[in-house]
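Visitor: The structure's right below; bear with me while I get my questions together.
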Amino acid sequence: MKAAQDENQIGVVGAGLIGMSWAGLFSAFGYETTVYDPYLKEQNLAHQEINEIWASLDLLFDGLKNKKGVKFSDKIADLKSSTFVQENVPEDLSLKQEIISKIEKIVSKDTVISSSSSSFMPSELQNGCTKPERIIVGHPMNPPHLIPVVEIVLGKAFSQEISSRAKSFYNSLQRVPVQIKKEMRGHLANRLTSALYREAVYLVSEGVADVEDVDTVMSNGPGLRLALLGPHMNYHLGGGEGGYRSYLEHLGPSQEARWKTLGQAPLTPELKEKLIHGIESQNLSMSELKIKRDNSLIKILKTKKENKL
């Protein structure tokens, strides 16, 4: 895949779960990548994590030939030459605004600053910026190096040229960038997953099912279909020969009836403990679960590509 024409130096802010995943992806596709994190102490472990991400990407893309080593730094000034910055600090609005302000002071006026924020709107992140239109949201799903979608969200101050650059950059990484038409809390993907998770928690709170049963039904039922086609297209198939029109005309009322019974449960300390116990009682190894998930994701992604889904 050709590199994006405008980008040659990529800055990553934050060496947490998302930042490291992004850094592994950027560098695997041949971009000069610098990770800034003032709290990163174990660079050897960080480099090991990048190598593990590269190994997954090699399985997915059958070997990437232009990998470049990742530079780690605890000095924000080392992002000075970045043409594109991916920000991944914790989900705290004032912290994000502070770090974006600092980045603006050291990078070129043409540098794009893209936040991985899962909930904040770009207009909030742009507050106080000297060139607000270049502050956008480029929200991935975890893990970014495997899950292809990237939500591009523009704020009240916006530039389609900036959006086009971001799309071109993410496309060069074989991502699937989607520009969201209107900024909203949680964007698109997290609003969809939040709706599902709210009902999953409610069902446990009401004693309809336990945590393991909810996960089993989801991953062996609707989740399999949703990995291949979205909800609208799945219901289009559910309408038989008449398609979506037939589905909505004949089964729309049953959907509305279910919508009226969907619930929500406050995350009380007691409910949190019930949810946590439901996971911890399964005695699963986090590292083994992550490996199984990633290897399975790779196979699913390859199947989707082969079938053009």
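The values are calculated or read from the model by the stated rules, or taken from the named source; none is laboratory data. Note that this is a predicted model, so its numbers are computed, not measured. Using ideal geometry, Cβ is built from the backbone for each residue, glycine included, and neighbour counts are taken over all protein chains shown. When the accessible area is computed, the model is the full protein with side chains, heavy atoms only, and any ligands, DNA or RNA have been set aside. Shrake-Rupley method; radii C 1.70, N 1.55, O 1.52, S 1.80 Å.
Visitor: Whole angstrom only: what separates the Cα centroid of region 230-309 from the Cα centroid of region 94-139?
Guide: First find each Cα centre; the distance between them is then 32 Å.
Visitor: Ignoring ligands, DNA and RNA, how do MET121, MET286, MET184 rank by accessible area with a 1.4 Å probe, largest first? Mind showing how you got there, number by number?
Guide: Numbers: MET121 45, MET286 155, MET184 80 Å².
From most accessible down to least: MET286, MET184, MET121.
Visitor: I've got another one for you. Got a sec to turn the phi values of region 31-44 into Karplus ³J(HN,Hα) couplings, 6.51 cos²θ - 1.76 cosθ + 1.60 with θ = phi - 60°, whole Hz, x for Gly and Pro?
Guide: 8, 5, 10, 10, 9, 9, 7, x, 9, 6, 10, 9, 5, 4
Visitor: Let me ask something else about it. Once the Cα atoms of helix 189-205 and of the chain are each reduced to a long axis, what angle between those two axes, in degrees from 0 to 90 to the nearest 10, is obtained?
Guide: Helix 189-205 sits at roughly 40 degrees to that axis.
Visitor: To make sure I understand the rule: partners must be lysines, Cα under 28 Å from the Cα of LYS131, and not fewer than 8 residues away in the same chain. Which ones qualify?
Guide: LYS71, LYS75, LYS80, LYS96, LYS102, LYS105, LYS109, LYS156, LYS167, LYS181, LYS182
Visitor: Once region 1-69 is represented by equal point scatterers at the alpha-carbon sites, with solvent omitted, what log10 I(q)/I(0) does the Debye formula produce at q = 0.13, 0.20 Å⁻¹?
Guide: Here the Debye-derived log intensity ratios amount to -0.35, -0.79.
Visitor: Apply the Karplus parameterisation 6.51 cos²θ - 1.76 cosθ + 1.60, with θ equal to phi minus 60°, to every residue of region 11-22 and state each ³J(HN,Hα) to the nearest whole Hz, in sequence, with x for glycine and proline.
Guide: Each residue of region 11-22 in turn: x, 10, 9, x, 10, x, 4, 6, x, 5, 4, 4 Hz.
Visitor: Picking from HIS187, HIS236, HIS139, which is most flexible by a Gaussian network model of the chain using Cα springs under 10 Å?
Guide: It is HIS236.
Visitor: In region 231-309, which trypsin sites (Lys or Arg not before Pro) are in a loop and have at most 15 other Cβ atoms within 10 Å, using DSSP for the loop call? List each step's numbers first, then the result.
Guide: Details: sites: ARG245, ARG258, LYS260, LYS272, LYS274, LYS290, LYS292, ARG293, LYS299, LYS302, LYS304, LYS305, LYS308; in loops: LYS308.
When the trypsin sites (Lys or Arg not before Pro) of region 231-309 are filtered for loop state and at most 15 Cβ neighbours within 10 Å, LYS308 remain.
Visitor: Sequence neighbours fewer than 8 away in the same chain don't count; with that in mind, list the lysines whose C-alpha is under 17 Å from LYS65.
Guide: LYS2
Visitor: Return the long-range amide H neighbours of VAL13 (sequence gap of 5 or more, or a different chain), with a cut-off of under 5 Å between placed amide H atoms.
Guide: TYR36, GLN86, GLU87, ASN88
Visitor: Taking only protein heavy atoms and a 1.4 Å probe, what accessible area per residue, in Å², does region 1-138 have with all protein chains in place?
Guide: On the way: 6340 Å² over 138 residues.
Here the residues of region 1-138 average 46 Å² of exposed surface.
Visitor: To test your reading of the geometry: what angle, between 0 and 90 degrees and rounded to tens, separates the Cα axis of helix 211-220 from the longest principal axis of the chain?
Guide: That helix lies at roughly 80 degrees to the long axis.
Visitor: If you wrap a convex hull around the Cα atoms of region 192-232, how much volume per residue is inside, in Å³? Before the final figure, lay out each step's value.
Guide: Working: hull volume 2.7 nm³, N = 41.
Dividing the Cα hull volume of region 192-232 by its residues yields 66 Å³.
Visitor: Looking at (i) 0.97; (ii) 1.02; (iii) 1.08, which value of Cα Rg over 2.2 N^0.38 Å comes from a calculation on the structure shown?
Guide: Answer by label: (iii).
Visitor: Only sites in a loop by DSSP and with at most 16 other Cβ atoms within 10 Å count here; which GluC sites (Glu not before Pro) in region 70-118 make the cut?
Guide: Here the sparse-neighbourhood loop sites are GLU91.
Visitor: Per residue of the chain, what 222 nm ellipticity follows from adding -39500 (n - 2.57) for every DSSP H run with n ≥ 4, rounded to the nearest 500?
Guide: Values: 12 runs with 154 residues, N = 309.
Helices in the chain give a 222 nm mean residue ellipticity of -15500 deg cm²/dmol.
Visitor: Bin all alpha-carbon pair distances of region 5-150 at 5 Å intervals from 0 and give each bin's fraction as a whole percent.
Guide: Bin by bin from 0 Å, the calculated values are 2, 10, 21, 24, 21, 14, 6, 2, 0.
Visitor: Ranked by accessible surface with a 1.4 Å probe, highest first, in what order do HIS47, HIS145 come?
Guide: Numbers: HIS47 70, HIS145 10 Å².
Correct descending sequence by accessible area is HIS47, HIS145.
Visitor: Select from ALA166, ALA15, ALA257 the residue whose mean-square fluctuation is largest in a Gaussian network model of the chain (Cα-Cα springs shorter than 10 Å).
Guide: ALA257
Visitor: Please build a GNM for the chain, connecting alpha carbons under 10 Å apart, and tell me which residue among SER27, SER168, SER287 fluctuates the most.
Guide: Top of the fluctuation ranking is SER287.
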